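A.B. asks: Before anything else, here's the structure in question.
What follows is calculated from the coordinates using simple rules that are stated; it is not laboratory data. Predicted model only: the values in this text are computed from it and were never measured. FYI the Cβ positions are ideal-geometry reconstructions off the backbone, even for glycines, and counts take in every protein chain you see.
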Amino acid sequence: MNVITTSNLSKVYDEGPVPVYAVNGVDLEIKKGEFTAIVGPSGSGKTTLLNIIGGLDKASSGGVKIGSTEIENLSANELIDFRLRNIGFVFQSYNLIPVLTAKENTEFIMLLQNTPKAERDKRVESLLAEVGLEDRMNNRPTELSGGQQQRVAVARALASKPQFILADEPTANLDSKSTANLLDIMLKLNKEEDTTFVFSTHDQRVIDRARRIITLEDGKIISDEKQHVQ
Amino acid sequence: MFLKLAWRNIWRNKRRTAITLGSIFFAVILSTLMSSIKEGVYVNMIKNSAGDFYGYAQIQLKGYNEEKTLDYSFEFTDEVKNAVGSESAIEESLPRLESFALASHKTVSKGALVVGVNPEKEKLGTQLHNRVVEGEYLTQNDNEVLIGDGLAEYMNVTVGDTIVLLGQGYHGVSAAGKYRIKGIVKFGSPEISKQVVFLPLKTAQTLYGAENLITNLVLQVNSANAGIKVAKKLKTQLPENLVAYDWQELNPGLVKMIETDRTEGYVFMFILYLVISFGIFGTILMMLAERKHEFGVLVAIGMKRFQLAVLVWLEVISISVLGAIVGVIGALPVCFYLYFSPIKLGDELKQMTEEYGLEAVLQPSVAPEIFINQGIIVFCLAATIAIYPLIKLLSIDAIKQMRS
């Protein structure tokens, strides 16, 4: 079953004299449980593609289907609600709420979903334990290392029980140890809970551990390969 | 969580918050003190003029209030007594016969307000006996007078001297009498002290040929507001030829003066609050600019725009209300200190205020509504100003904000 389907997806910036294709005719199918890396050089359209899939940006043409929902037909407010319930986001610079603790940051999404408190508490504890931060629950982002912050971001992304997680360069600001640690967690979640991950990266350490690698160049898919990872 | 988040967000930039709070704090202190002192002056004016002399309510014969002549006198009948007696808010009813006369001593003459009073009832009601600063208080059958200290000074008379009162009595009869000054009285309102002469009611009735008649029945109640309520109620219960007035109807000049002064105060306060508004607005603009990226992320992860708007609205309201509360708390001790130790104005200012008929004392009012109103005004201001970010955030574009 496809979690994400894009058909002839394009994004054109035509403010200048020559139109620039950030994404150019991308057809893509991502199934449940995949661990996919979108790779390519800077400016190849990775982030734009992720933004369009995540409903953060509008495509100039073509369509995106999440499950059975064609997201281009949703209004702005419906799209926000759709993202809340279906898509988890992990950003390059973590983007945690600075005044909330790790626990509160993770809980925040569930609060927006009106999840009852007892359920929130239970899930937050289990998620933070899964990302290895059960002892840092009451620390604010400034009291956590970059790797720890990114793990909180993963827990937050998972909190809403999304259909998939979109991660834009999740390891770009991390050192080797934190990168390895984060990848271990993501792969474990992928293996054990069948969580679908789609991330953009140009980090070879990440590419080496991805099961599917989609390479973009000038907004076009130039290769789509599967690899076996231990 | 939203409240918690809003509260913590306020303290993210402590210096900015402190500056905003400081501006609200000083403006609120200033406006609270100003309101408190102004209202205190009004309360004193009303008390000195209406409460201590004219009463907060009166019963008169129809027409007397417009044309103050003895021809509009009436008898204090049982019917009137019953109507007054049925009103529990009335602590005491004080019959008076008031008219004007020319008061003379040796070569000095001055127009005086002659008031025939029941000395015993005034003792219980207006506590006139406590206003005697020299000499003695009146008794029922005295053929002597009490004179205001301002009038005594003008006429250069003192206790034991004699004054002559000359005027027109009931239905045009000539009224003339010679009276020994038994005591000198002092009122908070210099205007009253400069013109008043008190006689026992019977003596006044004899002077004016108005046996058993009174011109007004002063109703002693415990506050200005009670006077308004009592007068309103009595209007429907009194015999047709009589009418009850509250202190506002009896002192339209005073009411007008207070209203005019209040309006001037509002202009000053408007300017103060305009300054606060710009302070709050500046904070909002800075905060919106600083947190663009964060707002974008929040919308991206699924926070509805209206929830974000409410969050920021709460932040603006919290900081403003906090500033107002701190300001009011700061103003409270000053107001209470001045309430218990009023400022007595120096000679020059004293002379100036007395020329306006005011007591030369600044005693602020500590009525709760003065302080509550400041909080309400700041809240309304903040709520209004916070509409700006509300509108901005309701149309926020996540991706644009995240790129900023």
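A.B. asks: In terms of the Cα gyration tensor, with a ≥ b ≥ c the square roots of its eigenvalues, is chain B rounded because a/c is under 1.5, prolate because a/b exceeds b/c, or oblate?
C.D. replies: Prolate.
A.B. asks: Next question, about the same structure. Order these peptides, B:198-209, B:18-29, A:20-31, by their mean beta-carbon neighbour count within 10 angstrom, highest first.
C.D. replies: Final packing ranking: B:198-209, B:18-29, A:20-31.
A.B. asks: If you don't mind, there's one more thing I want to ask. Which residue, chosen from B:A175, A:A118, B:V41, occupies the Cα position most advanced towards the positive end of the dipole of the protein assembly as shown, where the dipole is computed from +1 (Lys, Arg) and -1 (Asp, Glu) charges on Cβ about the Cα centre?
C.D. replies: A:A118
A.B. asks: Distance between the C-alpha centers of region A:1-30 and region B:48-69? Whole Å please.
C.D. replies: Cα centres, region A:1-30 to region B:48-69: 88 Å.
A.B. asks: If you average the alpha carbon positions of region A:42-103 and of region B:142-183, how far apart do those two centres end up, in angstrom?
C.D. replies: Between the Cα centres of region A:42-103 and region B:142-183 lies a distance of 94 Å.
A.B. asks: Which of rounded, prolate or oblate describes region A:2-226 when judged by the alpha-carbon gyration tensor and an a/c cut-off of 1.5? Please report the intermediate quantities before stating the final value.
C.D. replies: Numbers: a/c = 1.83, a/b = 1.46, b/c = 1.25.
In terms of gyration-tensor shape, prolate.
A.B. asks: What does the charge count near B:N130 come to, summing +1 for each Lys or Arg and -1 for each Asp or Glu among other residues with Cβ under 11 Å from its Cβ?
C.D. replies: Values: positive: B:K123, B:R131, B:K186; negative: B:D52, B:E122.
So the surrounding residues net to +1.
A.B. asks: Ranked highest first by the average count of other Cβ atoms within 10 Å around their residues, in what order do B:266-274, B:149-157 fall? Write out the running numbers ahead of the final one.
C.D. replies: On the way: B:266-274: 13.7, B:149-157: 18.9.
Ranking, from highest mean packing down: B:149-157, B:266-274.
A.B. asks: Next question, about the same structure. For B:R262 and B:S174 in the same chain, what is the full-extension length gain: residue separation times 0.36 nm, less their Cα-Cα distance, in nm? Spell out each step's value before the answer.
C.D. replies: Values: separation 88, 0.36 × 88 = 31.68 nm, distance 4.46 nm.
Full-extension gain reported as 27.2 nm.
A.B. asks: Does anything in region B:374-393 have its amide N under 15 Å from the 7 Å Cα→Cβ label point of B:L274, and if so which residues?
C.D. replies: In region B:374-393, the label zone of B:L274 (backbone N under 15 Å from the point 7 Å along Cα→Cβ) covers no residue.
A.B. asks: Once you average over the residues of B:298-310, how many Cβ atoms of partner chains fall within 10 Å of each Cβ?
C.D. replies: Details: counts 5, 5, 11, 19, 17, 8, 5, 3, 2, 3, 1, 0, 0.
Shielding by partners across B:298-310 averages 6.
A.B. asks: A further question on this structure: Please find the FRET efficiency linking A:R85 to A:I207, where r is the Cβ-Cβ separation and R0 is fixed at 22 Å, and quote it to the nearest 0.05.
C.D. replies: On the way: r = 30 Å, r/R0 = 1.38.
Efficiency computed from Cβ-Cβ geometry: 0.15.
A.B. asks: Pull up the cross-link candidates among the aspartates and glutamates for B:K232, meaning alpha carbon to alpha carbon under 17 Å and not fewer than 8 places away within one chain.
C.D. replies: B:E87, B:E91, B:E240, B:D246, B:E249
A.B. asks: Right, another one. Within region A:1-152, count lysine pairs with alpha carbon atoms under 20 angstrom apart where the residues are 8 or more positions apart or belong to different chains.
C.D. replies: Close lysine pairs under the 20 Å cut-off: 10.
A.B. asks: Give me the percent of DSSP beta bridges within the protein assembly as shown that run antiparallel, rounded to the nearest 5.
C.D. replies: Details: 64 of 92 bridges.
Bridges in the protein assembly as shown are about 70 percent antiparallel.
A.B. asks: A further question follows. Among the listed pairs A:K188/B:K304; B:K68/B:K256; B:K81/B:K182; B:K123/B:K235, give every one whose C-alpha distance is greater than 24 Å. All intermediate terms of the calculation are to be shown ahead of the outcome.
C.D. replies: On the way: A:K188/B:K304 31 Å; B:K68/B:K256 20 Å; B:K81/B:K182 31 Å; B:K123/B:K235 27 Å.
From the list (A:K188/B:K304; B:K68/B:K256; B:K81/B:K182; B:K123/B:K235), the Cα-Cα distance tops 24 Å for A:K188/B:K304; B:K81/B:K182; B:K123/B:K235.
A.B. asks: Can you order the peptides A:53-59, B:6-12, A:114-120, B:185-191 by their average number of other Cβ atoms within 10 Å per residue, highest first? Don't jump to the answer; show the numbers that get you there.
C.D. replies: Values: A:53-59: 22.7, B:6-12: 17.4, A:114-120: 12.0, B:185-191: 21.1.
Result, highest mean Cβ count within 10 Å first: A:53-59, B:185-191, B:6-12, A:114-120.
A.B. asks: Compute the semi-axes of the equivalent ellipsoid of the protein assembly as shown, taking the square root of 5 times each eigenvalue of the Cα gyration tensor, and list them largest first in whole Å. Mind dumping the intermediate values first?
C.D. replies: Working: eigenvalues 1522, 97, 82 Å².
Three semi-axes, in Å: 87, 22, 20.
A.B. asks: Let me ask you something else. For the pair B:Q127 and B:D161, what calculated FRET efficiency results from E = 1/(1 + (r/R0)^6), where r is the Cβ-Cβ distance and R0 = 30 Å, to the nearest 0.05?
C.D. replies: For R0 = 30 Å, the calculated efficiency reads 0.75.
A.B. asks: Quick one: Cα centre-to-centre distance for region A:146-172 and region B:269-317, in angstrom?
C.D. replies: That distance is 28 Å.
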